[in-house]
1. Given the residues T234, T268, which is the only one that is touching a residue at least 40 places away in the same chain (Cβ under 8 Å), buried (at least 24 other Cβ atoms within 10 Å of the Cβ) and of a type in the set (S, T, N, Q)?
2. Scan region 292-301 residue by residue and report those that are in a strand (DSSP E or B) and farther than 22 Å from G201 by Cβ.
3. For I428, only one of the following conditions fails: (1) farther than 16 Å from S376 by Cα; (2) β-branched (V, I, T); (3) modelled with pLDDT of 90 or more. What is its number?
4. I need the strands (runs of 3 or more DSSP E) fully contained in region 183-291, keeping only those with at least 3 residues that are more than 18 Å from T143 (Cβ to Cβ) and modelled with pLDDT under 95.
5. Tally the residues that are charged (D, E, K, R) and within 13 Å of G13 (Cβ to Cβ), restricting the search to region 30-50.
6. Show me the helices (runs of 4 or more DSSP H) found entirely inside region 1-114 where at least 1 residues are of a type in the set (F, W, Y) and crowded, with 22+ Cβ neighbours inside 10 Å.
7. Restricted to region 120-172, and to residues that are in a strand (DSSP E or B) and not assigned by TED's automatic domain parsing to the domain that holds V227, which residue is nearest to T283 (Cα to Cα)?
8. Regarding A24, is this residue on the phi < 0 side of the Ramachandran plot and either more than 31 Å from the chain's Cα centre (by Cα) or among the aromatic types (F, W, Y) (or both)?
Amino acid sequence: MTQPFRIGIAGLGTVGASVIQILARRAGDLTQRCGRPLQVTAVSARNKAKDRGFDLSAYRWFDDPVTLAKSDDIDCFVELVGGAEGSARNAVEAALAAGKHVVTANKALLAKHGLAMAQAAEAKGVALAFEASVAGGVPVIKTLREALPGNEIARLYGILNGTCNYILSRMELEGLTFAECLKDAQRLGYAEADPTFDVEGFDTAHKLALLTSLAFGTQVDAEAVYVEGISSITPLDLKMADELGFRIKLLGVAERTKAGIEQRVHPTMVPKTSAIAQVMGVTNAVTIDADAVKELTLIGPGAGGDATASAVVADLVDVASGSIHAPFGLPTEQLAKASRTPVQRHEGGYYIRLTVHDRPGIAAGVATRMAQAEISLESILQKRSEAAATRDPHGRSGAPVSLVLITYAATEAAIRSAVEKISGDGLIAEPPQVIRIERE
């Protein structure tokens, strides 16, 4: 009988438990596909006594994931512990050094140490597979690495964090504040008790760094990603976006420019007619712009036990079948060191919301500063609050009102300079809101 492909799993949370259940449920079909059985032989987790819905006695237990990673009982080590350092890093490095294949869902680990780990995997002739690290059950890693070699990719962008997309969707549809939606997301388990990593864009940045390497043949460079989160987005911004024909999404964007590879994460206005604008709730999506396929959008569940486990099992099937690829598409020595493009050089349209005093000359002063920065305005809209409803005989209350500007293409540096001067002129009552526009 053909020898089974022996699997050790570190981390038996929602995803780890789902992997074991899928492997058991699909055992016959997976054996036919791989030509040999996929068999979990050993596991490791923090709490052996926890009820996970299956019998742990069928597997050899390891208290230490590093010891499991080096064990002669396994051919492949599955890391589902999480975190860029500590036991996750130590165990993956130990597995690779011992010549074991590695499958992981750990984007933070790969964003920081992926290049070194890929080098170690290549030196040992083993796999380092990580489909589950980006967009859950959406097969974007495989698509970039294996399905598009005939394409030159110009840009990719996507919704890579379900928590942020859920919050923005609820805010738009129900008119709720960020704080209200975040509290509800935490209650439902979509957001952590400390949501900073998600809502401030760092989770998206780690995922984007991995996709950038695969798309453009560059070394993983998470430090090059410009990051903004969604905590400053207000219901008024979402309402204005709707009136202007846009939706606001937290996007990770990577594109090839004349100056180098630009990587950025920030709230973005996208046309409501675009495919990515239709993605609501905890769903993820990635759009790839390339010369041959033109525009390709992948949409699906970005998190959850079964969806992420599906991606882990897909990697296990590839490795067990002998399909081993360079982790980032090219051998590590062929990955280029990407030329970083500072976000100040980014050029595009912008939404600018200024809270100004409702008095004569304010709009003219704002327009003058924009003209001095050579920024052309596509439209100007003024929204008065209830506080501004009571007017003096000349039609001005002096109370703060919102002045919304939509610009034609301008550089980030020009926008920031103009806004800074407007603030210095004393024309605005609150910090400005600046959101980039990503057109089709």
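The values are calculated or read from the model by the stated rules, or taken from the named source; none is laboratory data. Just so we're clear, the structure is a prediction, and the values are computed from it rather than from any experiment. Here the Cβ positions follow ideal geometry from the backbone for every residue, glycine too, while neighbour counts run over all protein chains shown.
1. Working: T234 fails: buried (at least 24 other Cβ atoms within 10 Å of the Cβ).
Being touching a residue at least 40 places away in the same chain (Cβ under 8 Å), buried (at least 24 other Cβ atoms within 10 Å of the Cβ) and of a type in the set (S, T, N, Q) holds for just one of T234, T268, which is T268.
2. Residues satisfying the conditions are K294, E295, L296.
3. Here I428 clears every test but (3).
4. Output list reads 260-271.
5. Residues of region 30-50 that are charged (D, E, K, R), as a first pass: 33, 36, 46, 48, 50.
Then keep just the ones that are within 13 Å of G13 (Cβ to Cβ); that gives 46, 50.
The total comes to 2.
6. none
7. Filtering region 120-172 down to residues in a strand (DSSP E or B) leaves 128-129, 153-159.
Keeping just the survivors that are not assigned by TED's automatic domain parsing to the domain that holds V227 gives 128-129.
Working: L128: 26, A129: 23 Å.
Ranking the qualifying residues of region 120-172, first place goes to A129.
8. no
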